[in-house]
Amino acid sequence: MAYFNRGIAYKNLGQHQRAIQDYDKAIQLEPTVVGRYHNRGVAYYNLGQYQRAIEDFDKAIQLDPNYVDAYVGRGVAYHHLGQHQRAINDYDKAIQLDPNDALFHNNRGITYGNLGQDEKADADKAKACSLDSQYC
């Protein structure tokens, strides 16, 4: 747990490579703890290593198919790789698991917009706004 917690501290300081090193050690010691893969995936994402991030989000989902944050993280990584349909699929799953999170609708709306699907983008943006005024 100490490595994981120190990894979080490094992440909060923006020292993502050091965070990854601690998450690696934490995973080595306890390879079935979902949050460790998720946090390492976020660190890889923050370093622009989207494919590595996706691998960690995949592992988190494999360990817990209902771990909503892993779907969102993977969706954002897919979005940055231009794999918009895969991103939408992950946002769909996140929304299925937690339909009242405005961020999920907002992200899916942005992705639909990138695909030129304006009606779906507008519907998601309106839903996000109805759930949280910061998205209006």
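Brief remarks on what is shown
- Ile61 meets the conditions (1) touching a residue at least 24 places away in the same chain (Cβ under 8 Å); (2) under 25 Å from Asp98 (Cα atoms); (3) among the hydrophobic types (A, V, I, L, M, F, W, C); (4) crowded, with 18+ Cβ neighbours inside 10 Å in every case but one. The failed one is (1).
- Pair list, Cβ under 7 Å, 6 or more apart: the stretch 93-117 residue of a type outside the set (D, E, K, R), other residue part of a loop (DSSP other than H, G, I, E, B): Leu97/Asn66; Ala102/Asp132; Phe104/Asp98
- So His84, is it crowded, with 17+ Cβ neighbours inside 10 Å, touching a Ser or Thr at 6+ places or on another chain (Cβ under 6 Å) and either among the small types (Gly, Ala, Ser) or under 26 Å from His105 (Cβ atoms) (or both): yes
- Conditions (1) surrounded by fewer than 22 Cβ atoms within 10 Å (Cβ to Cβ); (2) within 28 Å of Ile110 (Cβ to Cβ): number failed by Ala70: (1)
- Among the residues of the stretch 103-136, those that are of a type in the set (A, V, I, L, M, F, W, C) and more than 18 Å from Asn89 (Cβ to Cβ) comprise Ala126, Ala128, Cys129, Leu131, Cys136.
Bear in mind that the values in this text are calculations on the coordinates, not laboratory data. This one's a predicted model, so the numbers in the text were calculated from it and none came from an experiment. Every residue, glycine as well, gets a Cβ built from its backbone with ideal geometry; the counts of neighbours run over all protein chains shown.
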